[in-house]
Amino acid sequence: EDQVTQSPEALRLQEGESSSLNCSYTVSGLRGLFWYRQDPGKGPEFLFTLYSAGEEKEKERLKATLTKKESFLHITAPKPEDSATYLCAVQAGGSNYKLTFGKGTLLTVNP
Amino acid sequence: NAGVTQTPKFQVLKTGQSMTLQCAQDMNHEYMSWYRQDPGMGLRLIHYSVGAGITDQGEVPNGYNVSRSTTEDFPLRLLSAAPSQTSVYFCASRASQGAFYEQYFGPGTRLTVT
């Protein structure tokens, strides 16, 4: 059974204090790993897709990396507007569609 | 493009009532799906569709029905609402090929069953 574990459950940072969120996964043949951002009362918003170990993607202050067992979402010099829940999901090789989501990390950035 | 739209935004039902959650997308996406999101749990797949006339069960399908008569619409029916179905429901869509499997989510429907 595919599993996704995100840590920490919650993270509080000061503005400008860089940190990383972790997503560890167990899946039979990774087809893709996805990061989403979710603001309160809204649907998840797509951030990145990573396909193979060693791959990296960047968007503004966010950088996602992937190894064979986990992915990291690095946040550099965060701002209060980066506060949100960050979700990680995996798609197994045998699935043409189904995503398995982690429970998310609630990030709060204080000014 | 409006993207993925869902109605209603909020709904309160009594146990045993039935209702339909509406979902529409204007991106000509073949894949559409329904998820529920509960506190302390990840998004869980209820049903999905890979094209008009084709649907399949996800992880938690019991108590829900779907149909896909057009590419644009994918309604979710609650047959006889139960308190365990209190949740936030999200509809999502994506193209079947390319676009790096980017999945677009709707704004959600918050459902309370009393």
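Observations on the structure shown:
- Within the range A:11-55, tally of residues that are under 22 Å from A:S83 (Cα atoms) and either more than 12 Å from the chain's Cα centre (by Cα) or of a type outside the set (A, V, I, L, M) (or both): 28
- Single residue of B:R110, B:R68, B:R77 found to be charged (D, E, K, R) and touching a residue at least 60 places away in the same chain (Cβ under 8 Å): B:R110
- Some residue of the range A:87-105 being at negative phi, away from chain B (no Cβ under 12 Å), aliphatic (A, V, I, L, M) and in contact with a helix residue (DSSP H, G or I) (Cβ under 7 Å, 6 or more places away or on another chain): no
- Residues of the range B:4-16 that turn out to be away from every other protein chain (no Cβ under 12 Å), polar (S, T, N, Q) and surrounded by 15 or more Cβ atoms within 10 Å (Cβ to Cβ), as a count: 1
- Residues of the range B:76-86 that turn out to be under 19 Å from B:G106 (Cα atoms) and surrounded by fewer than 17 Cβ atoms within 10 Å (Cβ to Cβ), as a count: 2
- Single residue of B:V66, B:V88 found to be modelled with pLDDT of 95 or more and either within 22 Å of A:V90 (Cβ to Cβ) or within 11 Å of chain A (Cβ to nearest Cβ) (or both): B:V88
- Scanning the range A:71-104 for residues that are surrounded by fewer than 21 Cβ atoms within 10 Å (Cβ to Cβ), under 14 Å from the mean Cα position of the chain (by Cα) and hydroxyl-bearing (S, T, Y) yields A:S83, A:T85.
- Residue match in the range A:74-96 (condition: closer than 29 Å to A:G16 by Cβ, in contact (Cβ under 8 Å) with a residue 60 or more places away in the chain, of a type in the set (F, W, Y) and touching a strand residue (DSSP E or B) at 6+ places or on another chain (Cβ under 6 Å)): yes
The values are calculated or read from the model by the stated rules, or taken from the named source; none is laboratory data. For clarity, every value in this text was computed on a predicted model and none was experimentally measured. All Cβ positions, even for glycine, are placed from backbone atoms using ideal geometry, and neighbour counts span all protein chains on display.
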